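Working notes, beginning with the structure itself.
The values are calculated or read from the model by the stated rules, or taken from the named source; none is laboratory data. Just so you know, these numbers come straight off a predicted model, no measurement behind them. All Cβ positions, glycine included, derive from the backbone under ideal geometry; neighbour counts span all protein chains shown. Remember, those area values only see protein heavy atoms, side chains included, never the ligands or the DNA or RNA. Shrake-Rupley method; radii C 1.70, N 1.55, O 1.52, S 1.80 Å.
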2 protein chains.
Amino acid sequence: MKKFVDDPKDFVPQMLEGLALANPDTLRYVPEYNLVHRVDTPSDDRVTIIQGSGSGHEPAHVMTVGPGMLGAACPGDVFAAPPVEYVFETAKRLASPRGVLFIVNNYTGDRMAFEMAQELAETEGLDVRTIFVDDDVAVQDSLYTVGRRGVAGNFFVMKAVGAAAEDGASLDELVRIGEEVNAVSRTMGLALTACTPPAKGEPLFELGENEVELGVGIHGEPGRERIALGSATEMVAALVDPVADDLGLAADDRVALMVNGLGGTPISELYLAYGIAHKLVTGRGATVARSYVGEYCTSLDMAGLSVTLVRLTDEIERLLAAPADIAIRVF
Amino acid sequence: MKKFVDDPKDFVPQMLEGLALANPDTLRYVPEYNLVHRVDTPSDDRVTIIQGSGSGHEPAHVMTVGPGMLGAACPGDVFAAPPVEYVFETAKRLASPRGVLFIVNNYTGDRMAFEMAQELAETEGLDVRTIFVDDDVAVQDSLYTVGRRGVAGNFFVMKAVGAAAEDGASLDELVRIGEEVNAVSRTMGLALTACTPPAKGEPLFELGENEVELGVGIHGEPGRERIALGSATEMVAALVDPVADDLGLAADDRVALMVNGLGGTPISELYLAYGIAHKLVTGRGATVARSYVGEYCTSLDMAGLSVTLVRLTDEIERLLAAPADIAIRVF
């Protein structure tokens, strides 16, 4: 395993400490709960938005905490749901009188942690609602889910409800918006290589030199099938087509198009893939109104990418275009 | 080779096309010269800043074109200097009456291309100046250089002169500022794996499973030595110490600290490494006033990272903090 790791059990705490040291004016770090939160959260004026999930998907979700996006994140260890008490403590410490919104990717372990934390929080009188994200079209059920998995489309849910919360939207409004964004978001990914969790020290699965996992999950779960390594155009088409079909992409649709790197694929290849995806989408008559190229939801060091399409309404487009300020930036 | 590639000779043009498609309102792409430029360049009010170099280092430099940074970039093929005519044509098309500033990383091929283009441009009456960047402390001369190599410190030169150009600084002023930033910037990198150029189809060099190239160049050039794979703390210290020593870091210095991923290392590991680097720097009594964690100057898909320190003056700190708007963003 060639990685920057000290003791693997310290991987997540050391990452979070680095994040806090790099953003001393805007973020606070509470090591007991892997908790990273905005320095100005809780606020009396703004619903507190909290996301958890396992680590290993960075920048999701700890690096998307900030004005216009999350109020807090409390991740578990690599590819492990956060313990219930992390979520409960985060909700208690950061609850706003306007309420608390959980955003949860649809994995059984994450659902259990957040549902139990919500029950505990409600017994203490907190007003908590939860949005589940399930944008992955690859498989119906999977290793860790009943129903579809939540993957990179999560970004758009966070971004839209984050912008609305900043505008003072109520908890009910945020649930409506988040569920609407999820309902029009579709994603599928493809792995060129497996990923290596620090504590395991070796790749999670084996892929032959000319094999690709089509529809891979962000924890290395199997997808639809193993296909032969193809050209960039072939592989990107193998993602865009099922995503567009599942969304029912129509010729007069306006969409957001995301090419998301899974951790080990360089940005040069992501832009190359984006150009191919853009032509495939516009070739169907749709208009790409917003472009996203980079890493949003990764699987450690996995080489590969996912494609997400979001059908835009005026409201969603406005919320996606609103400003935000998070750790992932170049300045 | 597991990559998103069609025909390797189209790798750079397809990447640039994707970049242009993702940024239709802000960038223009001229395929004949691999030229990407701001839609609002040239300007009568602002010196035009141009950077070239080989491709394969993205986001440097094509993805750093925009307000507050570059006016244009005209890269060569992967790891190849741009042809003289690319640079000359870019200068001619985008020259401002305020002048043209070239920023060039110190590699022999890049120097030759930009120096010849400057001569050609001057015969046409253009006012051109050039800044050379040589921040890499690893080796004195190297495979492709006389003197030190230019690596990730280039970002700080671009950012500072870009901000000053936006404020209307003269060409002379920009040269002064750029040379001052270069003089206080130091970098060293380390490779865990080699990189694979698309046209070569296999890794550029071999590294054993427990070997690390300390002081690696951004084209896979040899560094100071091969060392054994160590803990994150050991490997980060092996970079911070020579960088800080070469800079002559003093206890009352204010610095910018960058941990730059080389392409294949996930952001989780970069933040983990940043935390270690931050403690080493502040352990020497210096103050980290600005933090940079992510990919700024890569080597295709190489796993590894570099550490850069920049000693800040009030002027440099102000210029680094100024706004900028480039393609690498999450919104």
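Quickly run through segment B:24-34 and pick out the residues that are crowded, with 16+ Cβ neighbours inside 10 Å and assigned to a helix (DSSP H, G or I).
B:Tyr33
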TODO: Could you give me the residue pairs with C-beta distances under 6 Å whose first residue belongs to segment B:1-17 and is facing chain A (nearest Cβ under 8 Å) and open to solvent by 40 Å² or more (accessible area, probe 1.4 Å), whose second residue is at pLDDT 95 or above and outside any loop (DSSP other than H, G, I, E, B) wherever it lies, and which are 6+ apart or on separate chains?
DONE: B:Asp6/A:Ala232; B:Asp6/A:Thr233; B:Glu17/A:Gly275
- [ ] Kindly indicate whether A:Phe88 is open to solvent by less than 10 Å² (accessible area, probe 1.4 Å), over 17 Å from A:Val157 (Cβ atoms) and either over 15 Å from the mean Cα position of the chain (by Cα) or within 14 Å of chain B (Cβ to nearest Cβ) (or both).
- [x] no
Open item on the list: Among the residues in segment B:171-189, are any more than 22 Å from B:Val146 (Cα to Cα), within 14 Å of chain A (Cβ to nearest Cβ), open to solvent by 10 Å² or more (accessible area, probe 1.4 Å) and outside any loop (DSSP other than H, G, I, E, B)?
Closed with: no
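Any residue in segment A:35-43 that is within 14 Å of chain B (Cβ to nearest Cβ), crowded, with 22+ Cβ neighbours inside 10 Å and outside any loop (DSSP other than H, G, I, E, B)?
yes
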Open item on the list: Among the residues in segment A:241-253, are any outside any loop (DSSP other than H, G, I, E, B) and within 12 Å of another protein chain (Cβ to nearest Cβ)?
Closed with: no
TODO: Go through segment A:118-141 and count every residue that is open to solvent by 30 Å² or more (accessible area, probe 1.4 Å) and either part of a strand (DSSP E or B) or over 20 Å from A:Pro222 (Cβ atoms) (or both).
DONE: 11
Open item on the list: If I filter segment A:50-57 for residues that are open to solvent by less than 10 Å² (accessible area, probe 1.4 Å), within 10 Å of chain B (Cβ to nearest Cβ) and in a loop (DSSP other than H, G, I, E, B), do I get at least one hit?
Closed with: yes
TODO: Identify all residues within segment B:265-296 that are more than 8 Å from every other protein chain (Cβ to nearest Cβ), more than 14 Å from B:Leu190 (Cβ to Cβ) and open to solvent by less than 10 Å² (accessible area, probe 1.4 Å); write none if there are none.
DONE: B:Val281, B:Ala286
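Would segment B:278-291 turn up any residue that is in the same structural domain as B:Glu234 (by TED's automatic domain parsing) and within 22 Å of A:His61 (Cα to Cα)?
yes
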Task: Search result, residues across segment A:190-237 that are away from chain B (no Cβ under 13 Å), under 27 Å from B:Leu229 (Cβ atoms) and buried (at least 21 other Cβ atoms within 10 Å of the Cβ) - done: A:His219, A:Gly220
Open item on the list: Cβ-Cβ distance below 6 Å, separation of 6 or more or different chains: which pairs start in segment B:310-331 with a residue that is within 12 Å of chain A (Cβ to nearest Cβ) and end on one that is in a helix (DSSP H, G or I) and loosely packed, with under 15 Cβ neighbours inside 10 Å?
Closed with: none
